[in-house]
Structures are given as C-alpha cells and as structure tokens.
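Accompanying notes for the structure given below.
Laboratory data are not the source of any read-out in this text; all were calculated from the coordinates shown. Since this is a predicted model, take the numbers as computed values, not measurements. Backbone-built Cβ (ideal geometry, glycine too); neighbour counts: all protein chains shown.
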Amino acid sequence: METSPFSNSKFVERVTVISGGEGGFASDEVYRLKKGKRRRLSRWAKPVERLYRKSLQAQNVFASVLLDRSSRSNRKRRNGFLRDGLVNTVRAHRKAAKKLKNL
C-alpha cells in the first residue's frame, strides 16, 4: 500500500482523479482524510469534562515533575528526596497550578 503525499497535509481533505476515455468520464478517489469519531456530550457536560481533563493533566504534570525532582535530589546526595521533599513538592505544585490557570 502506497502512502499518499497528502497524508501529512492539514489542508487537503480529499483528492479525486478524473480520467476521460471513449466511454465517458470516470472518477476515482485517491485520498480521503479519515476523520475521528465525534465525542457526543450534552451542553452542560462540556465544561465539566473540560475541567476534569485539565485537572487530570495538572495531576499528571505534578506527578512527573515531582518524580524527576526527587530522582535528581537522590542523585545529588544521600536521602536527597527527604531533605528536598518540601521544596520539590512546592515547585511541582506550582507547575501543576500553571496548567490549571489557563482554563
């Protein structure tokens, strides 16, 4: 199966080739952009879901930043995650709050 040169383009939705012959014209669809399924939500649920997703993303950022900082503290000195625990937690919390700020 060939990959289309249009597969990475965000401007091309469909390419149709029209060929003419003795019997008339024939069209053949070469490429069509596959659209994802539409999420169906009621009107009141959209902002709730948006808030829910943002909070999950913020929790994800918090956990990953805290893990990275704790690992770095442990590499720097013995029991580093205990010594720098409060500072690491505050900095990770600050990063997560920045994610939540842009609602």
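Brief remarks follow.
- Between L33 and Q57, the simple spin-label model (points 7 angstrom out along Cα→Cβ) gives 2.1 nm.
- Beyond 21 Å in Cα-Cα separation lie the following of the pairs K76/K99; K54/K76; K54/K98: K76/K99; K54/K76.
- D by Stokes-Einstein for the chain, Kirkwood Rh over Cα pairs, 20 °C, 1.002 mPa s: 113 µm²/s.
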